[in-house]
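What follows is a set of notes on a single structure, which appears directly below.
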Amino acid sequence: MSQMPQPTALSRCPSCEEPLEEGDRFCGACGYDLSVVPAPPEDTPTLTMNGTRTPAPRSAEPAGAWPTAAPASAASAAAPLHVPADIPGTDSGGSDLSEPADPHLAPAPAPDESRGVRLDRPADSTGAGAEADYHLAAPEPVDPRTAGPLAPPAGTRVCVACRAGTVDSDGYCEHCGHAQPRERDHVEQESGTIAAVSDRGLRHHRNEDAFTVSQAALADGTPAAIAIVCDGVSSATRPDEASLAAARAANETLLDALPHGTHPQQAMHDAIMAASYAVNALAVEPETAQEHSPHQNAPACTLVGAIVAAGLLVVGWVGDSRAYWVPADRSAPPARLTEDDSWAAQMVAAGLMGQAEAYADERAHAITGWLGADAYELEPHTASFKPDRPGVVVVCTDGLWNYAEAAEEMAEVVPPEAANRPLHAAQVLVGHALDGGGHDNVTVAVLPFPAAPQGAGSA
């Protein structure tokens, strides 16, 4: 709170040295305001922390006294002005306040233990007294370039981007927020001498393709190689679930039917029907689901499959996924083994448009046949072939054949050693699609013909 100025008890005026009377607030000679003069402090010694007395001030003038002013008359001159810097004094270390504080203006005084703060310590067992210093061990610095990340708990997924954060249940890093690759973004699988590769591509946010490759045996023990490739219809709801359900259902049906003596072509037909039932079952949703999204189509996908067994090549399909025959002798002609269920194929079959013109149309990939609850009457396509020479069967989605549509174009990108290295061949074909732009999901399976004996591995 504010306080009123109090009169000071001085015997003489600090400015002109004129005698003062008790109770004067101004000097009668020079008019000096006596209320701004603080009372002189009592002369008490200053002790350092070690108990020694502070050395006497450098000046003989008592500490706290004002400088002596030159005599002046009230009529000839105004009262002199004094600033706090004119008052001599010492700081807590005993240094003269009149010395400049800027180290660039004056050299620092030599260290004097009697001025500074010193902590007295008793002598230790080694005989060292107060001169001994306490040494504190500094923490070892951590180099971020060499320090390894802390090991996460067992079973915890680590972010593929920052390699530090853990991945939450939604597939995002809890540290940097990076979306993690899904399990189906890139899949490679070998089964005996057949192999398949599936990739999300460069434009889609998820992989809606699915495949299965497996080995079976006919009733007489003849080995059989099986490949199923499905492509989810992006305009439908949950296309990734549809393709996966169809591929698994078809594969399980074939593995069960072939050992029981079912003809491969009939087994393929039955497998496509089983895949259709599996996809239809996905459309059974709670009543509230249709209320929230009444305009969504039921889950849907396309399917193409191949069986190589006993010198026979069987293919089956619904939609626009394809199968190609590429002979080992590249001087022999390759062939496309399937016909698309698509708008472009219908235009060509009806003679309304040429093939080049039809597939250049923006409606070319509109499919007319698919697996799903809202599909038209299902008509599985199956065909049997008996090639007279060795080669490979390429089973793929349109994510590949968009970049190698004609059979001759497909044969050019299939590696010559594909029959001996099917996984490598599938990788090369997927790479060809990605190099071409990767606008769609890409899935391809490679089956050597004839089928190798069971247990034989790929070279």
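The values are calculated or read from the model by the stated rules, or taken from the named source; none is laboratory data. Worth saying up front: this structure is predicted, and the values here are computed from it rather than measured. Using ideal geometry, Cβ is built from the backbone for each residue, glycine included, and neighbour counts are taken over all protein chains shown. For the accessible areas, the whole protein counts, side chains as well, though only heavy atoms, and no ligand, DNA or RNA atoms are used. Shrake-Rupley method; radii C 1.70, N 1.55, O 1.52, S 1.80 Å.
Counting heavy atoms of the protein chains alone, Cys162 has an accessible area of about 50 Å² for a 1.4 Å probe. Rg ratio for the stretch 167-232: its Cα radius of gyration over 2.2 N^0.38 Å, N being its residue count, equals 1.56. Each of the peptides 213-225, 169-181, 242-254 was scored by the mean count of other Cβ atoms within 10 Å over its residues; in descending order, highest first, they stand as 242-254, 213-225, 169-181. Each residue of the stretch 270-279 was assigned a 3J(HN,Hα) from its phi angle through the Karplus expression (A = 6.51, B = -1.76, C = 1.60, θ = phi - 60°), giving 5, 5, 5, 5, 5, 4, 4, 4, 5, 6 Hz with x at Gly and Pro.
Descending by average beta-carbon neighbour count within 10 Å, the peptides 374-385, 395-406, 183-194 line up as 395-406, 183-194, 374-385, the highest first. The three principal axes of the Cα atoms in the stretch 247-366 give end-to-end lengths of 59, 46, 22 Å, sorted in falling order. Backbone phi angles across the stretch 348-358, fed through the Karplus curve with coefficients 6.51, -1.76 and 1.60 (θ = phi - 60°), yield HN-Hα couplings of 5, 4, 7, x, 7, 8, x, 4, 4, 5, 5 Hz in residue order; Gly and Pro are listed as x.
With the charge dipole of the stretch 358-459 set up from +1 on Lys and Arg Cβ and -1 on Asp and Glu Cβ about the Cα centre, the Cα lying farthest toward the positive end among the listed residues Ala406, Gly436, Pro422 is that of Pro422.
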